[in-house]
Every structure is written in C-alpha cells, then in structure tokens.
Amino acid sequence: MLKSMTGFGIATKETSKAKITVEIKSLNSKFLELTLKLPKAHSDKELLIRTDCNRLIERGKVNLTISIEYNAGAERKPVSINQALLKAYYEQLLQGANELNANTTDLFALAVQMPEVIKQDEQDVDEEEWKAVYTTFEASVNAFNDFRATEGAELEKDLVKRISTIMNRLADVELAEPSRMPVVRERINKYLEDAVGTENIDQNRLEQELVYYIEKFDITEEKVRLRSHCDYFLVTLNSKDAGGKKLGFISQEIGREINTMGSKANDASIQKLVVEMKDELEKIKEQLLNVL
C-alpha cells in the first residue's frame, strides 16, 4: 500500500494538571527533515522523539509540536528573575537609546524578555506527565500515518489510471503500426520514379532498401519492454515494499522505451500517441514525488 509523504495528525490528552497537544505536519522531502518543538521541561526527551520519528515517519519535511497547557491552580515549577542580568540589560539598552536619542518607554519590558532573565527552576521531570505526553505523541503519529495512507490510496488510484492509459495508447500504436511500411514503400517508389524513372528502378535494390527501413523502424522490442515495465509498475504498486523511489526507477525505464519508440516511429499518428504517453508519464513522475 502506498503512503503519501504529505500528512497531518493531531492528538490531545487532558490530565488532572494539564492539556497536552501533539501536532504533526509534513511536506515532500527526499529525507527526514524534522523540526521539533518540545516543552523545556521535557527537552531531555528530544533524542528519543527524534529516534522514534525516524522509525515511524521515515521521510518528509516534518514539523512536530508538543505543547502543554497547565490548568488554573495546577502546581507549576517556580521561576526566578536574574536581577543583576535584568539591570545590566536595562542599563545598556538605556545607554544605547540615549546615544541614539530614541524612545525609552518600553525598555524595561524589552529587558525582561532578554535571554536568561526569567528562568524556570530545574526540578525533576514529572514522569507521569511524560507518560501522558508520549502516549499523546503515539496517538498523533497514528493519526498522521492514517492520513498518509488515505492520501496514498488516492495516489494509487491515479497512478493505476495513468499506467492503464499508457498501455491503451500502446495498443493503439500496435493498431497503427501495420500501415507504416506501405507508406514507406510508396514514398521510396515515388522518389525513385522522380529521380530515375519507373523503367530504371532496380527491384532487387528496392527490396533491400525496404528491408533496411523495416529493421530501422521496427519497434517490436520497445513495445515488449514497455508493456513489461508497465506490468512491473503495477505489480510493485501492489507489493508491500512499494515506495516512491522504486516506482520512480521503473518510470524512468518506461520513459526510455517511449522515447525510443517515438524516435523510430516515423509516422505522424504513432508520434501523436507517443506524445500522449509522455504526457501521462510526466504526470506519474509528478505524483511519485509525493509518495513515501
């Protein structure tokens, strides 16, 4: 089953102390690019979360946010203000403002927001709270992967449809192909008649030229390989190891056969069918960029 690389998942859990929310969003990427936002109290769990994301999410440009809203009256970790640092920030800001003749109204508020001025006292991590956070994280990942699977099912339908269209155009090529050689024969005859006259045409040489053109324009191998690649694409699509990279490699082989067929066709109707196949293949490649 295919999975889309884009996805969204959110889960919440309420405890006696707080409301925990975990939200995951992802876009296309060749690798896992994880932007993780954790509450400071649980920052020591970052490596654990990243390791689990590597295993559970695999690829994508992922934003994962874990937030905790404490209930009114819930026990909080005490905070302290670094008075000396606050004073130093304020004095330097005031000095700079005076030198630049700038407004000094909001300097205190600005100084309070400077790094390390307000500090939360370190305490032992609440393990019960962490268990609730991790459970919510797991629920959000499950919702996220369900979203990816749903999107992947739609992508799979579209890919099957487009491969089927390519195979239908291949069937049309096979119907148009028998009319090519009579046209080539007529074209060569007309050229020889204009060049040397009908009575001077060497029929043996003419047959030799026709054999040469038949071999040059023959697309039997390309048709066989194209059908084989399309069948393999569908088989891979239904396999457990279906993935965007493998399907992308197969689509490259499909494109190679279509291009060779177009260069050897020497027929306007077949060239038109080849263009239609190329158009479908480009849409397949675009879709595969979104497959996990």
- Which numbered condition residue 14 misses (of (1) open to solvent by 70 Å² or more (accessible area, probe 1.4 Å); (2) modelled with pLDDT of 95 or more; (3) within 14 Å of residue 129 (Cβ to Cβ)): (2)
- Message: Quick check on the stretch 90-109: of everything there that is touching a Phe, Trp or Tyr at 6+ places or on another chain (Cβ under 8 Å) and hydrophobic (A, V, I, L, M, F, W, C), which residue is surrounded by the fewest Cβ atoms within 10 Å (Cβ to Cβ)?
- Response: 108
- With (1) more than 23 Å from residue 245 (Cα to Cα); (2) free of Cβ contacts under 8 Å to residues at least 40 places away in the same chain; (3) of a type in the set (Gly, Ala, Ser) as the list, and residue 41 as the residue in question, which single condition is left unmet? (2)
- Item | Among the candidates 173, 235, 224, 211, residue that is modelled with pLDDT under 75 and either in contact with a strand residue (DSSP E or B) (Cβ under 9 Å, 6 or more places away or on another chain) or assigned to a helix (DSSP H, G or I) (or both) | 211
- Determine whether the stretch 135-144 contains at least one residue that is part of a loop (DSSP other than H, G, I, E, B) and in contact (Cβ under 8 Å) with a residue 12 or more places away in the chain. no
- Task: Search the stretch 272-291 for residues that are farther than 28 Å from residue 57 by Cβ and touching a residue at least 12 places away in the same chain (Cβ under 8 Å) and pair each with any residue that is surrounded by 15 or more Cβ atoms within 10 Å (Cβ to Cβ) and not hydrophobic (A, V, I, L, M, F, W, C) when their beta-carbon atoms are under 6 Å apart and the residues are at least 6 apart or on different chains.
- Result: 273/169; 273/172; 274/262; 276/169; 277/169; 280/162; 280/165; 281/255
- Message: So for the stretch 35-47 (the condition being part of a strand (DSSP E or B) and in contact with a helix residue (DSSP H, G or I) (Cβ under 9 Å, 6 or more places away or on another chain)), does at least one residue qualify?
- Response: yes
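The values are calculated or read from the model by the stated rules, or taken from the named source; none is laboratory data. What you are looking at is a predicted structure, and each value in this text was computed from that prediction instead of being measured. We place every Cβ from the backbone using ideal geometry, glycine too, and count neighbours over all the protein chains shown. When the accessible area is computed, the model is the full protein with side chains, heavy atoms only, and any ligands, DNA or RNA have been set aside. Shrake-Rupley method; radii C 1.70, N 1.55, O 1.52, S 1.80 Å.
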